[in-house]
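**Student:** Structure below; questions to follow.
Rule-based calculations on the coordinates, nothing more; no lab input. Owing to the predicted nature of the structure, the values given are computational and were not obtained by experimental measurement. Glycine also receives a Cβ, built like all others from the backbone with ideal geometry; neighbour counts cover every protein chain displayed.
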Amino acid sequence: MQRLLNFFYEYRAFFTFLLLEIFCAWLLVENNQYQSTKFFNSSNRLAAGILGFSQSTREYFSLRQINEELGRENAQLRTELERRAQALTIPVKNDSLVRYDFVSAKVINNSVAQFKNYITINRGEDAGIKPGMAAISISGAIGKVKSVSEHFSVLISILNIDEQVSSVLKRTGNFGTAQWDGTDPRIVNLLYVPRHVQPLIGDTVLTSGYNAVFPEGVFVGIVKDVKLKEEALFYDIRVELGQDFRRLSFVKIVKSQLKTELDSLEKITIGKPQ
């Protein structure tokens, strides 16, 4: 404290001069309209700049929470959309007949450089997630749930050479199977499209809905290359995925209400003696 007092005493002339300058500036602003207006405008710009920077900083640090809230909202809206679509096509009286619910989750680990890539998310059994459920994003199909713990889940990515997605060419209505070949993380192959079909570059590829996992019509990608070898039964079709997996941040887990019923029926049917 003594040092601080000594500092002010030693530089008392400078501080006196500074106070007088501030006082003179105040008198100038108070008694002259032009200077008062300029000071007011300048101070407003400065204050606005400081407040804008402060607000931008707060918004930046709250982006994670905002994204999570948007993800939950999108999941709710997708569930409501499915509910309304079902109501328009089938006169149901029970909400249990709605085929899909959606759970938003954040990606906390994701690989794209392996032959068998996996994705870890921050939702698990506590959110009702079970193995076999599909995962999608706002940009397209992602994969399906492989294993689940109480608070986390691991997904098999579409970028997995063992993963296949039943798909359809939107323009022609012909079915095929989307499968990754382990090379480019933006490209998958569309297999088993017969030679009598006429696929074109730019065609849209969607999920076919031929199972109770992926909803019908989920975007997969756009046809980027079409080849047909002599005597080949099927086309060589390369599809650019809608989702760039290197930038994947949030997914929605698709909870099919009818999957258990479908699996049970198929198991009973296949298990019947001939």
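**Student:** Whole-Hz Karplus ³J(HN,Hα) for the range 181-192, in order, using 6.51 cos²θ - 1.76 cosθ + 1.60 and θ = phi - 60°, x for Gly and Pro?
**Tutor:** Going residue by residue, I get 9, x, 10, 7, x, 9, 10, 10, 9, 9, 9, 6 Hz, with x marking Gly and Pro.
**Student:** Whole-Hz Karplus ³J(HN,Hα) for the range 149-159, in order, using 6.51 cos²θ - 1.76 cosθ + 1.60 and θ = phi - 60°, x for Gly and Pro?
**Tutor:** Result, rounded to whole Hz: 10, 4, 10, 9, 9, 10, 9, 7, 6, 4, 7.
**Student:** Same structure again: Calculated FRET efficiency, ALA113 and THR172, Cβ-Cβ r, R0 45 Å, to nearest 0.05?
**Tutor:** 0.85
**Student:** Still on this structure, please answer the following. I need the peptides 102-115, 131-144, 149-162 ranked by packing, meaning the mean over residues of other C-beta atoms within 10 angstrom, with the highest value on top.
**Tutor:** In decreasing order of mean packing, 102-115, 131-144, 149-162 become 131-144, 149-162, 102-115.
**Student:** What nm distance separates the two modelled labels at GLU125 and TRP26, each placed 7 Å from Cα along Cα→Cβ?
**Tutor:** About 6.9 nm separates the two model spin labels.
**Student:** Tell me which residues come under 5 Å, amide H to amide H, from SER111 once H is placed; ignore anything under 5 positions away on its chain.
**Tutor:** Distant-sequence amide H within range of SER111: TYR118.
**Student:** Based on the mean of other Cβ atoms within 10 Å per residue, sort peptides 14-20, 191-197, 173-179, 203-209 so the most packed one is first.
**Tutor:** 203-209, 173-179, 191-197, 14-20
**Student:** 5 Å is the cut-off here: which amide hydrogens, built 1.01 Å from N in the peptide plane, fall below it relative to ASN160, excluding neighbours closer than 5 in sequence?
**Tutor:** The answer is ASN117, TRP180.
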